[in-house]
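J.: Would you mind keeping the following structure in view while I ask a few things?
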Amino acid sequence: MFQFNSTQFDERMIGVDLVGYAVLPSGNTIQDYTDLISYLENGDICITGGILELQEHAIKPVRLLTVEILDELTELQRQTGIYANEIGNKELREITWSNICNTAVPSKDLQMLFQKVKPKTYRDMVALESGIHSTFRWQNGQQGYFDVDKFIEMTTTNDFKIYPCFTREDFYDYMIENGVDCVKAYEAFECIRKGYAVSVKHDEEWMQLEIPEGIKNVAKNYRYVFPRAHCIGYVLGYAKLAYYAKVDGKMFSRVVFGKK
């Protein structure tokens, strides 16, 4: 088990929480890291330490992040008797972007983007969700800043219409479709997701990539590209919450917004 020091509430206090797991080098056990051993509140032994300490010992952390949507879905299935994993395609087909926005669960940026674009399919919603999490050239280092109009302007360029790459996997798929060798496509995929297309430091490495020019032009918009799988998870979570809202609005309001 793996835990971090936490000073969220008081910088003078250290909290101990289970936040993931530690992968140790082959042949080693936790007893080989006496300077990193600690204990959770229940007495279980665990690894602790900062990023630099873990790197020094070649320990790989696997962090488990809490997702509020999952907590809400868990509580809604308890209260309604409708299991979230039993909400299938038939039920979700009836959920639209408007139903999702009406829950007020997605970020304001995503709600605004949905309202302007009006996505028709789940594929469209996944693409737009990715835009909220990716980092773009025009943001100029402003974390958390998303320009809806700039994003829409990007998606209406000729190159983007030919290669609509919203997620990092979109880039890989279009390269394969255009006959790029899978090894070279993966190398380019890694460069694109890391923002090499807009990096002066990696300009020479970027220019040597043998991929279609149109894909390169699309990649020049991105400093970081979000993965598709995460977006699918988010959108399905939104859709299932919207389904609960339609089935039992009062219970949805009580669980999600704390209204009685």
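J.: Condition check: part of a helix (DSSP H, G or I), open to solvent by less than 50 Å² (accessible area, probe 1.4 Å) and among the acidic types (Asp, Glu). Does Glu75 satisfy that?
T.: No; evaluated as a whole, the condition is false for this residue.
J.: When Glu91 is evaluated against the numbered criteria (1) in contact with a Lys or Arg (Cβ under 9 Å, 6 or more places away or on another chain); (2) among the charged types (D, E, K, R); (3) without any contact (Cβ under 8 Å) to a residue 24 or more places away in the chain, which criterion, by number, is the only one it fails?
T.: (3)
J.: Further question on the same structure: So which residues in segment 61-105 are among the acidic types (Asp, Glu) and within 19 Å of the chain's Cα centre (by Cα), if there are any at all?
T.: Let us first name the residues in segment 61-105 that are among the acidic types (Asp, Glu), namely 68, 71-72, 75, 86, 91, 94.
Residues satisfying the conditions are Glu68, Asp71, Glu72.
J.: Taking the stated definitions as given, is Ala219 closer than 20 Å to Gly131 by Cα, without any contact (Cβ under 8 Å) to a residue 40 or more places away in the chain, open to solvent by less than 90 Å² (accessible area, probe 1.4 Å) and among the aliphatic types (A, V, I, L, M)?
T.: For Ala219, the condition - closer than 20 Å to Gly131 by Cα, without any contact (Cβ under 8 Å) to a residue 40 or more places away in the chain, open to solvent by less than 90 Å² (accessible area, probe 1.4 Å) and among the aliphatic types (A, V, I, L, M) - is not met.
J.: Just to be sure before I move on: is Phe166 within 20 Å of the chain's Cα centre (by Cα) and in a loop (DSSP other than H, G, I, E, B) in the structure I sent?
T.: Spelling it out, Phe166 is indeed within 20 Å of the chain's Cα centre (by Cα) and in a loop (DSSP other than H, G, I, E, B).
J.: Let me ask something else about it. Any residue at all in segment 221-243 that's in a loop (DSSP other than H, G, I, E, B) and over 24 Å from the mean Cα position of the chain (by Cα)?
T.: Checking segment 221-243: not a single residue is in a loop (DSSP other than H, G, I, E, B) and over 24 Å from the mean Cα position of the chain (by Cα).
J.: Looking at segment 87-96, can you tell me whether even one residue there is farther than 30 Å from Lys220 by Cβ, of a type in the set (A, V, I, L, M, F, W, C) and open to solvent by 20 Å² or more (accessible area, probe 1.4 Å)?
T.: No.
J.: If a residue must be part of a loop (DSSP other than H, G, I, E, B) and either surrounded by 10 or more Cβ atoms within 10 Å (Cβ to Cβ) or modelled with pLDDT of 95 or more (or both), how many such residues does segment 138-155 contain?
T.: So the answer is 4.
J.: Going through segment 109-119 one residue at a time, which ones are crowded, with 18+ Cβ neighbours inside 10 Å and either among the hydrophobic types (A, V, I, L, M, F, W, C) or touching a strand residue (DSSP E or B) at 6+ places or on another chain (Cβ under 6 Å) (or both)?
T.: Within segment 109-119, Leu110, Leu113, Phe114, Val117 meet the criteria.
Residues are listed down the side, and each one gets a yes or a no for (1) small (Gly, Ala, Ser); (2) under 22 Å from Glu129 (Cα atoms); (3) surrounded by 18 or more Cβ atoms within 10 Å (Cβ to Cβ):
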{"residue": "Ser199", "(1), (2), (3)": "yes, no, no"}
{"residue": "Met207", "(1), (2), (3)": "no, no, no"}
{"residue": "Glu210", "(1), (2), (3)": "no, no, no"}
{"residue": "Leu241", "(1), (2), (3)": "no, yes, yes"}
{"residue": "Tyr244", "(1), (2), (3)": "no, yes, yes"}
{"residue": "Asp248", "(1), (2), (3)": "no, no, no"}
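J.: Yes or no: Gly179 in a loop (DSSP other than H, G, I, E, B), surrounded by fewer than 20 Cβ atoms within 10 Å (Cβ to Cβ) and modelled with pLDDT of 90 or more? So that I can check it myself, show each step before the final result.
T.: On the way: in a loop (DSSP other than H, G, I, E, B): yes; surrounded by fewer than 20 Cβ atoms within 10 Å (Cβ to Cβ): yes; modelled with pLDDT of 90 or more: yes.
Answer is yes for this residue.
J.: Now a separate question. If Ser253 meets every condition in (1) in contact with a Lys or Arg (Cβ under 8 Å, 6 or more places away or on another chain); (2) touching a residue at least 12 places away in the same chain (Cβ under 8 Å); (3) assigned to a helix (DSSP H, G or I) apart from one, which number is that one?
T.: (2)
J.: I'm told Ile176 meets every condition in (1) without any contact (Cβ under 8 Å) to a residue 12 or more places away in the chain; (2) closer than 26 Å to Asp109 by Cβ except one. Can you identify the failing condition by its number?
T.: (2)
J.: Ok, one more. Within segment 121-137, take every residue that is over 22 Å from Glu94 (Cα atoms) and assigned to a helix (DSSP H, G or I) and give me the one that is modelled with the lowest pLDDT.
T.: Going through the qualifying residues, I end up with Arg137.
J.: Tell me which residues, restricted to segment 44-63, are open to solvent by 60 Å² or more (accessible area, probe 1.4 Å) and in a strand (DSSP E or B).
T.: Lys60, Val62, Arg63
J.: What are the residues in segment 120-137 that are buried (at least 17 other Cβ atoms within 10 Å of the Cβ) and of a type outside the set (Asp, Glu), if any?
T.: Result: Tyr122, Met125, Val126, Ala127, Leu128, Ser130, Gly131, Ile132, His133, Ser134, Thr135, Phe136.
The values are calculated or read from the model by the stated rules, or taken from the named source; none is laboratory data. Everything quoted here is computed from the prediction, not taken from an experiment. As a convention, Cβ positions derive from the backbone with ideal geometry for all residues, glycine included, and neighbour counts pool all protein chains shown. Heads up: the accessible areas ignore ligands, DNA and RNA and are worked out on the full protein's heavy atoms, side chains in. Shrake-Rupley method; radii C 1.70, N 1.55, O 1.52, S 1.80 Å.
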